[in-house]
Amino acid sequence: MESLELVSTGGALPKRSVHNDDLAKIMDTSDEWIFTRTGIHSRYFCGGEETVTSLATEAARQAMERAGVTADEIGCLVTATCSGDYATPAVSCLVQSALGLADDIPVTDVNAACTGFIYAAEVARGFLQESEKQYALVIGAEQISRYLDMTDRSTAVLFGDGAGAAIFRRTPGSLYHHVLGAMGGLEINVPGAASGMPEKVSMDGKAVFRFATKAMRRGIGVLMEKSEKAFDEIDWFVCHQANSRIIDYVVHKMKAPEEKFFEDMERFGNTSGASVPIALNDMNEQHLLSAGQTLVLVGFGSGLTWGGLMLKCAPDFRAE
Ligand code: COA
């Protein structure tokens, strides 16, 4: 199997930013409680015409423009989402149509919740092996706000909406390692329409915290071992942005360099499958990403799923 390199990123957020103080007006909580426990101050919620598809399309368009890649050059499109607008068609199919991508390339969604972007990149890598084209468009896009139970303060304060996108290029011989896993369980779940239960996020917070810290350590550990790299050879660890305490705990336990762990959950909350590409795009826009850097991406979440990638920013990485 060939490797992927990161060529560019894009992102899109709803217009409405919701601060912890706004939530404190409708439930018994406070900015102090939420920020201390999670590192989150605010998040974005979709409104009006905003949908998973509209955010995904905007993020994808920006990534393609920055990469200088045309619709014809895209060899596959995979979107990580667990909150798509339709049960079917896939968000990816609607984005394909909006962007005018070719009609003879694989286009589909992946539901691995907060690990979705890692899974989606691996699915895209598989698709590219059989393609004459070099580029994959991989998106993470969510509207988790649709599933929030605003009477449950222990889950409602954690999540937000948004989309991030990446253009990857198939590049033989480039540094690339992956790890994916799952351990079926209902610790975080949203019942489906057919279950008769409310379609709302429900979570065993403490169990998920324990799982998340183990999954992150396992993902990073496997990638470091496979690559035989040391922490000082990695430029950035870009982890699922669920909770700053989860990242702090892992950094402490692994004696890892804290300054290399990017965090932006303060402004976006947990955007599930969109969080890793939103973080990549946020880093790009802050001029933190550049050609030749080595990145470790890590995801964990409902499923329970977990996984990670180690890859390079392309020599011609298109910074913002
Ligand atoms: N505001 C104020 N108080 C809150 C609150 C909120 N938003 N949510 C819960 N509380 C209260 C609880 O009711 C409880 O009160 P009590 O002691 O009177 O019963 C108290 O705070 C402590 O609750 P607890 O659940 O023990 O808190 P915690 O320290 O475990 O923190 C989480 C809760 C959700 C922040 C924490 O478990 C967590 O981060 N879990 C991982 C969640 C996650 O990241 N999920 C997504 C992974 S992809």
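Observations, loosely collected:
- Burial order of peptide ranges 227-233, 246-252, 257-263, 305-311 (average beta-carbon count within 10 Å, highest first): 305-311, 246-252, 257-263, 227-233
- Using only side-chain charges placed at the Cβ, +1 for Lys and Arg and -1 for Asp and Glu, the dipole size of the chain relative to its Cα centre rounds to 780 debye.
- A protection proxy built from the mean count of other Cβ atoms within 10 Å ranks the segments 54-60, 108-114, most packed first, as 54-60, 108-114.
- Label point at Glu132 placed 7 Å out along Cα→Cβ; residues across segment 159-180 whose backbone nitrogen lies under 18 Å: 170
- Centroid-to-centroid, using Cα positions, segment 257-291 and segment 163-195 are 17 Å apart.
- Anisotropy class of the chain from Cα gyration tensor, a/c 1.5 cut: oblate
- Charge context of Gly219, other residues only, Cβ under 12 angstrom, K/R +1, D/E -1: +3
- Across the chain, the relative contact order, built from alpha-carbon pairs under 8 Å that are at least six residues apart, equals 27 percent.
- Among the listed pairs Lys15/Lys312; Lys214/Lys312; Lys229/Lys253; Lys214/Lys260, those whose Cα-Cα separation exceeds 22 Å are Lys15/Lys312; Lys214/Lys312.
- At least 18 Å along the helix axis (C-alpha) and Kyte average at least -1.0, DSSP helices within the chain: 52-67, 116-129, 205-227
Just so you know, all these numbers are worked out from the coordinates, no wet-lab data involved. Predicted model only: the values in this text are computed from it and were never measured. Heads up, the Cβs are rebuilt from the backbone with ideal geometry, glycines too, and the neighbour counts pull from every protein chain shown.
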